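Heads up: the structure comes next, in structure tokens.
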Amino acid sequence: MAQLRMAMAQVNPTVGDLEGNCGIVVDHVRRAAGAGAHLVAFPEMTLTGYPVEDLALRGTFVDASIEAADALAARLAAEGLGELPVAVGYLNRREGAEAGGARLGQPVGAPQNAVALLHRGRAVFTSAKHHLPNYGVFDEFRYFVPGDVLPVVRLHGIDVAFAICEDLWQDGGPVAAVRDSGADLLVVLNGSPYERDKDDERLELCAARAREAGAALAYVNMVGGQDELVFDGDSLIVDARGDLVSRGPRFEEALILTDLELPAKGEPGMWGAAAEADGITIERHLVSERPLAPYEPLPHPVAPRMDDVAEVYAALVLATRDYVRKNRFGSVILGLSGGIDSALVATIAADAIGPELVHCVLMPSRHSSDHSVSDAEELVRRQGVNGRTVAVGPMVDAFENAVKIDGLAAENLQARVRGQLLMTLSNQEGHLVLTTGNKSELAAGYSTLYGDSAGGFAPIKDAWKTLVWELARWRNADAVRRGETPPIPENSITKPPSAELRPGQLDTDSLPDYPVLDALLDDYVGTDLGRAELVAAGHDAALVDRMIRLVDRAEYKRRQYPPGPKISKRNFGRDRRLPITNRWTV
């Protein structure tokens with residue numbers, strides 16, 4: 001057996017910041033070298049950030065990525081780190097391809113989602129992702145052309161194969177060729193976004209693929225927020241039996257060091273030789289033939305698991321922090337009503353960027369209850385966020401004196417005045433406006449376009465109302481566990497929800513109880529059940545008809561809603577894409 005100290009660099013790159021991302025790589029390689037690592041692996045598309053979307057269609061961006069990879073290899077060597085092999089994801093171009101020649105919307109110049117192994121100032125190999133996902137949030141057929149190579153490198157006597165993300169999730173392709181290659185370690189670079197319960201699915205998949213390949217498997221994943229996606233890390237290694245060896249933390253950057261004992265290859269390799277296996281070319285490369293002298297291994301790190309609600313909360317905090325930070329906003333602003341949604345968003349924001357950078361505006365009208373104002377003031381006191389009160393009544397009165405309105409138009413006017421006020425303060429003071437609506441409201445169209453839907457980022461956009469309550473209760477309980485004051489006033493959690501746009505208004509005047517509503521919406525939105533299937537699943541037929549009508553009619557509102565972090569398997573926006581003009585109702 002031979003030893004190998006594997007370093008998985010679970011990093012948080014920024015899309016388009018090639019220089020900054022290369023700096024992240026150098027910093028982590030330096031740390032890995034100082035810790036005695038023998039191989040460092042970074043996530044998918046680390047140099048460019050991920051996903052790059054239509055940037056992949058710009059020849060200048062592809063060229064810059066290729067140049068950055070070459071410069072990174074030279075920089076590592078120049079800084080005394082060239083002896084440590086580094087596997088890094090980047091945007092490459094198929095060999096021999098040039099920019100131009102494709103139709104609009106097709107991959108221009110044959111860009112590829114690629115991995116390079118950098119060593120001694122050069123790339124030992126470059127290889128591209130074979131399986132290109134084209135489902136859910138992924139559109140990789142639009143951007144990339146596939147690769148057809150499994151690179152295998154002999155490193156300190158151990159044969160190590162490399163693949164990229166979706167190649168692990170699909171049958172066939174490079175991963176299927178690993179057993180034929182004889183490799184004893186498969187390193188997979190990933191940009192796998194967070195979804196609830198996905199960590200168990202990943203572990204099971206990695207274990208199954210390791211057993212199929214007859215090789216240990218190292219799964220290194222990205223961390224951080226990118227627009228509507230949030231990457232949770234959770235990098236892991238399983239042995240050839242599929243047993244967990246080590247595992248990184250969730251939602252934070254980390255360098256995970258793991259000592260592996262793997263079979264040493266005694267026979268000389270056929271370097272540069274290529275063999276075919278199910279349409280995949282196996283290419284072999286030599287870095288070092290001789291196994292390492294025996295050394296004392298490190299304990300295997302296994303980060304503790306998070307419970308379901310804790311991981312959702314962590315995802316929302318990370319997504320909010322990175323949206324603010326990566327888009328260079330210095331602060332955020334939101335309307336604080338005293339209700340549960342705005343209370344949770346304020347808490348997420350305070351945890352993400354610090355309470356001193358969170359600005360809350362209390363905007364009471366003639367329909368606002370005393371407890372709503374006092375609950376909002378109590379949250380400001382507990383969390384230390386910036387709070388101010390601006391009464392919207394005079395603004396609403398001015399509009400109503402100019403134009404005669406009543407009913408729903410009058411209710412929506414109050415919401416629009418509040419939205420206008422927040423956007424004006426954003427323009428004046430430079431804050432990012434956080435929208436406080438939840439997924440239940442967004443689904444049913446229970447929001448005012450250009451009113452409470454106005455803003456730049458919507459932290460709880462993908463959280464059902466019932467989950468909002470769970471998250472608030474969890475956050476308060478977590479504060480108690482740490483000996484801190486619960487950040488959200490109990491009355492904000494327990495009182496019946498209301499938009500307070502007319503006297504005595506409650507959400508249940510217009511919507512069913514949220515547990516009933518959310519169960520129906522999750523079946524309709526989350527799994528695309530039709531009317532008959534929804535009724536067969538136990539939902540009331542009249543409610544099914546009503547909610548299908550409301551959900552489908554509100555599509556135009558959702559198209560104009562701010563981005564927000566995806567936490568479910570099917571969110572509004574990147575996942576669910578329906579026509580606005582649509583008469584299909586069954």
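The values are calculated or read from the model by the stated rules, or taken from the named source; none is laboratory data. Since this is a predicted model, take the numbers as computed values, not measurements. Here Cβ is always computed from backbone atoms with ideal geometry, including for glycine, and neighbour counts include all displayed protein chains. Only protein heavy atoms, including side chains, enter the accessible area calculation; ligands, DNA and RNA are left aside. Shrake-Rupley method; radii C 1.70, N 1.55, O 1.52, S 1.80 Å.
Structural remarks
- Per residue, the accessible area of the chain comes to 40 Å² when a 1.4 Å probe rolls over the protein heavy atoms.
- The chain: proportion of alpha-carbon pairs further apart than 48 angstrom, %: 20
- Carbon-plus-sulfur accessible fraction, region 280-342 (probe radius 1.4 Å, protein heavy atoms only): 58%.
- Our summary gives the chain a relative contact order of 12 percent, counting only alpha carbon pairs under 8 angstrom and 6 or more residues apart.
- Environment charge at Pro85 (Cβ cut-off 13 Å; Lys +1, Arg +1, Asp -1, Glu -1): +3
- Gyration tensor verdict on region 207-279 (Cα atoms; rounded if a/c is under 1.5, prolate if a/b is larger than b/c, oblate otherwise): prolate
- With both residues required to sit in the chain, DSSP beta bridges show an antiparallel share near 55%.
- Measuring nothing but protein heavy atoms, the accessible surface of region 110-190 at 1.4 Å probe radius is 46 percent carbon and sulfur.
- Checking every one of the trypsin sites (Lys or Arg not before Pro) in region 148-234 against DSSP loop status and a limit of 16 other Cβ atoms within 10 Å picks out Arg196.
- Region 222-356 shape via C-alpha gyration tensor axes, a/c threshold 1.5: prolate
- Region 427-485: GluC sites (Glu not before Pro) in DSSP coil with no more than 12 other Cβ atoms inside 10 Å: Glu484
- Cα centroid of region 389-416 to Cα centroid of region 1-47, whole Å: 55
- Share of pairwise Cα separations in region 337-402, more than 16 Å, in percent: 47
- The fraction of accessible area contributed by carbon and sulfur in region 500-586 is 54 percent, rounded to a whole number (1.4 Å probe; ligands and nucleic acids excluded).
- Relative to one another, the C-alpha centroids of region 290-330 and region 190-247 are positioned 12 Å apart.
- Under 24 Å of direct C-alpha separation, and excluding same-chain neighbours fewer than eight residues apart, Lys465 reaches these lysines: Lys198, Lys439, Lys495, Lys557, Lys566, Lys569.
- Sparsely packed trypsin sites (Lys or Arg not before Pro) within region 353-454, loop by DSSP, other Cβ within 10 Å at most 14: Arg366, Lys404
- Counting only DSSP H runs of at least 4 residues, each contributing -39500 (n - 2.57), and dividing by the residue count of the chain, the helix-based mean residue ellipticity at 222 nm comes to -10500 deg cm²/dmol.
- Each of the chymotrypsin sites (Phe, Trp or Tyr not before Pro) that DSSP puts in a loop and that has at most 14 other Cβ atoms within 10 Å breaks the chain; the longest unbroken stretch is 296-449.
- Overall form of region 37-79 per C-alpha gyration tensor (a/c, 1.5; a/b vs b/c): oblate
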